[in-house]
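Written out below as structure tokens is the structure these notes cover.
The values are calculated or read from the model by the stated rules, or taken from the named source; none is laboratory data. Here the structure is a predicted model, which is why all the values come from computation and not from measurement. Don't worry about glycine lacking a Cβ; one is built from the backbone with ideal geometry, like all the others, and counts go over all protein chains shown.
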Amino acid sequence: MFVFRVATDLTVVELQNLTHATTGFGYHVGMTDTLLVVGCYDLNANQGGAFVYVRASSTADYTFKQSLLPLATLNLARFFYGYDIAICDSNYIAVSAITEDVVFAGESFRAGAVHVFKRTSGTGNYVELADMPIVQSGEPADGNAFGRSIACVGSTLAVGADQDGRHGASGSTGSVSVLHRGSDDKFTLVSKLFGRTAGDRLGWGAAMKDSSTIVVGAVAADSNRGLVYLIEQVSSTAYNITQTWAPGAGVVASGSVALGRDVAISSDNVIVGGAFLDGSGSTGSVLVFA
């Protein structure tokens, strides 16, 4: 995994190369000026894990600080812990495990979960919160992939589950859950939004600009071309979809584009990845929306 720095003349310079013997190392990462968290869902035969690195300044090298690993008491086979990573702030880190066992009404489902860690002091290690893991609301199902994408700003956490909201053979609408963390470090569900039609797979990619603005991809919506939704907080207890972006006229008119596989948001723009620009899987795309 490579770390790059943007120089004052806007050239991009390689700063560091971090390696690990596991193939899934770096599948998803979270980063600030002085904190780097690297997911490694393939670690220990797909049990998964994440690695925390720190540095003293924005120009120094990152050094390893600690591993974030699933508890040994859990059913760890193909756990995919560390599938996605989100840094809420310097004190809180969220890690997803998209096939974690969830117990509901005495039955166990491979539905996925999210774990949140808190720094014990200004320079201390990160320790998992007591009220963990976070699981989806309602009855789970095998393969819901809760935690396929996670995004976090401050005390607000968004969790995508692209296989949630099943409609039989028609496929999954997908969902995104928005939770707020209280002063007691417990998370409460504020809103849960589903894709608009069966098979949309809302929740594959997610990003947040601030606690009230979320961008989420629905990679299979619009006949697999994909759609991207802007979700905004409309009250203290509700978030709604307020805007939709689709591939433009310059993008293939039919076939799979998978728009929304990954998303990012700045103060002015939304950047969206589409894996299959030409509909055949041979050309990818990045689209910018203002």
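Residues of the range 96-155 that are without any contact (Cβ under 8 Å) to a residue 12 or more places away in the chain and among the charged types (D, E, K, R): 107 alone.
The condition (being touching a Pro at 6+ places or on another chain (Cβ under 6 Å), hydrophobic (A, V, I, L, M, F, W, C), within 28 Å of residue 193 (Cβ to Cβ) and in a strand (DSSP E or B)) is satisfied by just one residue among 95, 102, 116: 102. Being surrounded by 18 or more Cβ atoms within 10 Å (Cβ to Cβ) and part of a loop (DSSP other than H, G, I, E, B), is that true of even one residue in the range 1-16? The answer is no; no qualifying residue exists. Is it fair to say residue 206 is at pLDDT 95 or above, within 16 Å of residue 162 (Cβ to Cβ) and either out of contact with any helix residue (DSSP H, G or I) (no Cβ under 6 Å at 6 or more places or on another chain) or surrounded by fewer than 23 Cβ atoms within 10 Å (Cβ to Cβ) (or both)? Taking the combined requirement at face value, the residue satisfies it.
Yes or no, residue by residue, for (1) buried (at least 17 other Cβ atoms within 10 Å of the Cβ); (2) out of contact with any His (no Cβ under 8 Å at 6 or more places or on another chain); (3) modelled with pLDDT under 95; (4) among the hydroxyl-bearing types (Ser, Thr, Tyr):
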residue	(1), (2), (3), (4)
40	yes, no, yes, no
49	yes, yes, yes, no
56	no, yes, yes, no
61	no, yes, yes, no
78	no, yes, yes, no
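Looking across the range 256-290 at every residue that is touching a Lys or Arg at 6+ places or on another chain (Cβ under 8 Å) and surrounded by fewer than 18 Cβ atoms within 10 Å (Cβ to Cβ), the one that is modelled with the lowest pLDDT is identified as 275.
If you go through the range 127-148 and keep only what is surrounded by fewer than 21 Cβ atoms within 10 Å (Cβ to Cβ) and within 24 Å of residue 46 (Cβ to Cβ), you end up with 128, 132, 141, 142, 143.
Among the residues of this structure, residue 36 counts as one that is assigned to a strand (DSSP E or B), of a type in the set (A, V, I, L, M, F, W, C) and under 21 Å from residue 118 (Cα atoms). Return the only residue of 203, 260, 199 being in contact with an Asp or Glu (Cβ under 7 Å, 6 or more places away or on another chain) and either in a strand (DSSP E or B) or within 21 Å of residue 98 (Cβ to Cβ) (or both). The unique qualifying residue is 203.
Among the residues of the range 21-32, those identified as at pLDDT 90 or above and either surrounded by fewer than 16 Cβ atoms within 10 Å (Cβ to Cβ) or over 19 Å from residue 151 (Cα atoms) (or both) are 25, 31, 32.
In the range 180-196 there is at least one residue that is touching a residue at least 60 places away in the same chain (Cβ under 8 Å) and part of a strand (DSSP E or B). Could you list, in sequence order, the residues of the range 156-177 that are part of a loop (DSSP other than H, G, I, E, B), crowded, with 17+ Cβ neighbours inside 10 Å, at negative phi and free of Cβ contacts under 8 Å to residues at least 40 places away in the same chain? Result: 163, 164, 173. Of the residues making up the range 223-237, those that are surrounded by fewer than 17 Cβ atoms within 10 Å (Cβ to Cβ) and at pLDDT below 95 are 223, 235, 236, 237.
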